[in-house]
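The structure under discussion appears below in the form of structure tokens.
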Amino acid sequence: MTRQRVLAALAAVVVAIVAIAGPAGAAAPKKFKATRAFVVDRQSGTLRMPTPAEVDAVVTTLTALGQQPAERLTSTPAANGAVGMDLAGGFAGVLLARPNDDGSWETRCVFTVEEGAEFLGLVEDVQ
Amino acid sequence: MTIRRRVPIRLVALALASVLVPAAAVAGPAQFVIVNINAPGVGFNDPTPAAPVGGNTGTTLGEQRLIAFQHAAAIWSARLDSAVPIRIRAQFTALAPNVLGSAGPTQVFRDFTNAPLAGTWYHVALANKLAGVDLSPATDDINANFSTNFNFYLGLDNNHGALNDLVAVLLHEFAHGLGFSQTASLATGALLGGFPDHYNTKLLDTTLGLHWPQMTNAQRLESATRFGRVVFDGVGVTAAVPVVLSLGSPTVDVNSPASIAGGYQFGTAAFGPRIGDPSVTANIVEAVDAVEGGVIGATPTDGCSAFTNAAAIAGQIALIERGQCGFAVKARNATQAGAAAVIIYNNNTAANANAAPPGMAGDGINDAFVTVPTVSLRRADALAIVAQLGGGVNADIGIDLAVRAGADALGRARVYAPFPVAGGSSISHYDTVASRNLLMEPAINPDLTHNVKAPFDMTWELLHDVGWTFPDADGDTFPDDEDCNAASDVRPTIILNGRDTGVPNRGLGAGCTMTDTLVALKAASGPNHGDFVSAVAHVTNQWKAAGLITGAQKAAIQVTAAKWR
């Protein structure tokens, strides 16, 4: 895959994430780095380490889809005395997959960045 | 005619379970609306040609995705009722690598009309169902995003091979959106906005004897990591446990002293016999070995050399600290000392001190010398044991054949509560020790069926416990998909061809009434009136023998049936 195609694909991911997440307002996500190969290269079909951009995309996606900090959420009155709370696109279970050696996939339904990072072998990049 | 042989056999079975016909409360299957928000040409609208697969008749990739969505929705629709359509805002889009998709509720509501519990959040689709109106008509109820980058199996027949079955994934994620998740923070323990929800009101911590809303934030945080000791105690789920989960729970249980008794979270080893081969009940004894010279950090409890207290270890459970050498080395030394089983617990390093019990890899050298089961414990649990060793600690390591895998000793379904906490997925799933595998474990296991209720699964039972009801067209309390007659005649007396017998129309179990049975006999006998009268006589004799009707009532039914030409 050429550099331009990679960038175009990542741009599409970012656009999709923005569309999913709706208005932002969240703090910048933590920076993570990969410790294990979990991406199956679409060209070669082989397992490889994710690129830093791919790691960022995973983290951004999990941040957008996963559980939102409750302090960001506000309740609002609804009809007949009911009270509602918009979950801001969050509180979703996010299904991740990592490849096994035999070609099958192991899946995990996670709700937070930290869970997803642990499952995929991402660690916080403190540098 | 076969009717004389066949019908009475069926009726004998029906008569064994007599129930009164309840007042009708008509309900219908929930309507699911898939709101396709994909732009033309992508996602659900992707025109890429695709060969039909596994009962999915779509001829483009987009069509097949939509059909799979509709199929998963239809499975839920058949088992849940609501007068308010459930709107799923859905798209297939480019997600990051290894992210398959997600779904969850868009809103929660509390204190709406007909809310079963005051001051309690309900996912919006459930709140709408309970309220009987759309509480937020301008908003969809579930938000679903799935990846165009992932090669799902799009068939509907569960014949997915090594691929991930999209229908199973959707059933799981939709269930989260319908109410299979809780909303308290697992970072702070705080309830959402200070209020419990429909799900966590039924979470019981069996150590504290408290439900989650009764706890402080700190207690909830601690409870979330109390492996095996948090159960969902709804009546429907509890009733399903013996039908769904198999007996034989792998367990590490401290029997005494009472202060630390109970089950512990454990890890398993890739070497040596499996846990339960054999099951071991013995005292725990801390292994002591020489401190290896020149090895930085070596301790007398690391088990890295021959034990100096082998006589005390023999026949008991050796307790060894992690570190300084491989797991298999420690287990081999314990085997040599005559231990009946081995526990290796996390050592006090930054990485391990608060970590989950490790899965223990072998080294290919020492593995073959390990002939006893080996498990791992987290450090805090092991230190609690160590503190009691002076008075003796007795434990089981093995398969508890009296306990079902995925339930506690009292038969209540365990929820996923590992240590350390797993963000939001802790508590909002069933425990991974469940056997058979369940739809709502954190992983989508490849052996799942598309059945969501007992005897295959317990997802529907949990949703029922939190407030969903089932489609029940005749209001006889039997779900339509289990009802022997989903449109039963539930009138209070037996009325045949417009003639009221005056005999109470009792339920016969499985969702059929006496009138249903007589009508079925009429249909089966066709134009042969003699056969019908004879069959009615046979059946009513059985009902009388079973004490369901009196002799006078039997006669009334037979006379009325004889007039039905």
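Figures for the structure shown
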read-out: Unmet requirement for residue B:428, which otherwise passes all of (1) at pLDDT below 90; (2) touching a His at 6+ places or on another chain (Cβ under 9 Å); value: (1)
read-out: Residue within the range A:51-69 that is closer than 18 Å to residue B:193 by Cβ, within 7 Å of another protein chain (Cβ to nearest Cβ) and not hydroxyl-bearing (Ser, Thr, Tyr) present; value: yes
read-out: Residue match in the range A:75-98 (condition: facing another protein chain (nearest Cβ under 7 Å), surrounded by fewer than 19 Cβ atoms within 10 Å (Cβ to Cβ), in contact with a helix residue (DSSP H, G or I) (Cβ under 7 Å, 6 or more places away or on another chain) and under 21 Å from residue B:440 (Cα atoms)); value: yes
read-out: Looking only at the range B:123-136, and only at residues there that are of a type outside the set (D, E, K, R) and more than 10 Å from chain A (Cβ to nearest Cβ), the one that is surrounded by the fewest Cβ atoms within 10 Å (Cβ to Cβ); value: B:132
read-out: Residues of the range A:107-126 that turn out to be closer than 29 Å to residue B:160 by Cα, at the interface with chain B (Cβ under 7 Å from one of its Cβ atoms) and either acidic (Asp, Glu) or surrounded by fewer than 20 Cβ atoms within 10 Å (Cβ to Cβ) (or both), as a count; value: 1
read-out: Residues within the range B:521-547 that are crowded, with 19+ Cβ neighbours inside 10 Å and within 41 Å of the chain's Cα centre (by Cα), tallied; value: 3
read-out: Whichever residue in the range B:185-232 is of a type in the set (Phe, Trp, Tyr) and at pLDDT 95 or above and, among such residues, is nearest to residue B:109 (Cα to Cα); value: B:195
read-out: Residue in the range A:34-50 that is modelled with the highest pLDDT, counting only those that are more than 10 Å from chain B (Cβ to nearest Cβ) and touching a helix residue (DSSP H, G or I) at 6+ places or on another chain (Cβ under 8 Å); value: A:34
read-out: Residue in the range B:347-359 that is free of Cβ contacts under 8 Å to residues at least 40 places away in the same chain and surrounded by 24 or more Cβ atoms within 10 Å (Cβ to Cβ) present; value: no
read-out: Selection status of residue B:162, more than 27 Å from residue B:219 (Cα to Cα), of a type in the set (A, V, I, L, M), surrounded by fewer than 24 Cβ atoms within 10 Å (Cβ to Cβ) and within 12 Å of chain A (Cβ to nearest Cβ); value: yes
read-out: Unmet requirement for residue B:544, which otherwise passes all of (1) out of contact with any Gly (no Cβ under 7 Å at 6 or more places or on another chain); (2) without any contact (Cβ under 8 Å) to a residue 24 or more places away in the chain; (3) assigned to a helix (DSSP H, G or I); value: (1)
read-out: Count of the range B:216-226 residues which are surrounded by fewer than 21 Cβ atoms within 10 Å (Cβ to Cβ) and not in a helix (DSSP H, G or I); value: 2
read-out: From the options B:108, B:33, B:84, residue that is without any contact (Cβ under 8 Å) to a residue 60 or more places away in the chain and assigned to a strand (DSSP E or B); value: B:33
read-out: Single match in B:103, B:68, B:73, B:96 (criterion: in contact with a helix residue (DSSP H, G or I) (Cβ under 6 Å, 6 or more places away or on another chain), under 19 Å from residue B:444 (Cβ atoms), crowded, with 19+ Cβ neighbours inside 10 Å and away from chain A (no Cβ under 14 Å)); value: B:68
read-out: Residues satisfying the stated conditions in the range B:375-408, i.e. within 29 Å of residue B:233 (Cβ to Cβ), small (Gly, Ala, Ser) and assigned to a helix (DSSP H, G or I); value: B:380, B:384
read-out: Check on residue B:488, within 23 Å of the chain's Cα centre (by Cα) and modelled with pLDDT under 95; value: no
read-out: Within the range B:411-437, considering residues that are away from chain A (no Cβ under 12 Å), touching a Phe, Trp or Tyr at 6+ places or on another chain (Cβ under 8 Å) and assigned to a loop (DSSP other than H, G, I, E, B), the one farthest from residue A:118 (Cα to Cα); value: B:412
read-out: Test result for residue B:475, in a loop (DSSP other than H, G, I, E, B), surrounded by fewer than 18 Cβ atoms within 10 Å (Cβ to Cβ), away from chain A (no Cβ under 14 Å) and touching a residue at least 60 places away in the same chain (Cβ under 8 Å); value: yes
read-out: Of residues in the range B:302-336 being crowded, with 24+ Cβ neighbours inside 10 Å and of a type in the set (Gly, Ala, Ser), the one nearest to residue B:364 (Cα to Cα); value: B:328
read-out: Residues (under 23 Å from the mean Cα position of the chain (by Cα) and of a type in the set (Ser, Thr, Tyr)) located in the range B:121-148; value: B:122
read-out: Flag for residue B:481 being crowded, with 18+ Cβ neighbours inside 10 Å and either part of a loop (DSSP other than H, G, I, E, B) or among the polar types (S, T, N, Q) (or both); value: no
read-out: Filtered residue count, the range B:227-281, keeping only those that are more than 29 Å from residue B:439 (Cα to Cα), touching a helix residue (DSSP H, G or I) at 6+ places or on another chain (Cβ under 8 Å) and surrounded by fewer than 17 Cβ atoms within 10 Å (Cβ to Cβ); value: 2
read-out: Considering residues of the range B:112-122 that are surrounded by fewer than 20 Cβ atoms within 10 Å (Cβ to Cβ) and in contact with a helix residue (DSSP H, G or I) (Cβ under 6 Å, 6 or more places away or on another chain) only, the residue nearest to the other protein chains (Cβ to nearest Cβ); value: B:113
read-out: Members of the range A:83-104 that are within 20 Å of the chain's Cα centre (by Cα) and either touching a residue at least 12 places away in the same chain (Cβ under 8 Å) or more than 20 Å from residue A:59 (Cα to Cα) (or both); value: A:87, A:88, A:89, A:90, A:91, A:92, A:93, A:94, A:95, A:96, A:98, A:99
read-out: Residues located in the range B:256-291, provided they are among the charged types (D, E, K, R) and modelled with pLDDT under 90; value: B:274, B:277
read-out: Residue in the range B:405-422 that is free of Cβ contacts under 8 Å to residues at least 12 places away in the same chain and under 21 Å from residue B:280 (Cβ atoms) present; value: yes
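The values are calculated or read from the model by the stated rules, or taken from the named source; none is laboratory data. What you see is a predicted model, and the numbers here were worked out from it, not measured in a lab. Counting neighbours? That spans all protein chains shown, and the Cβs are built from the backbone with ideal geometry, glycine included.
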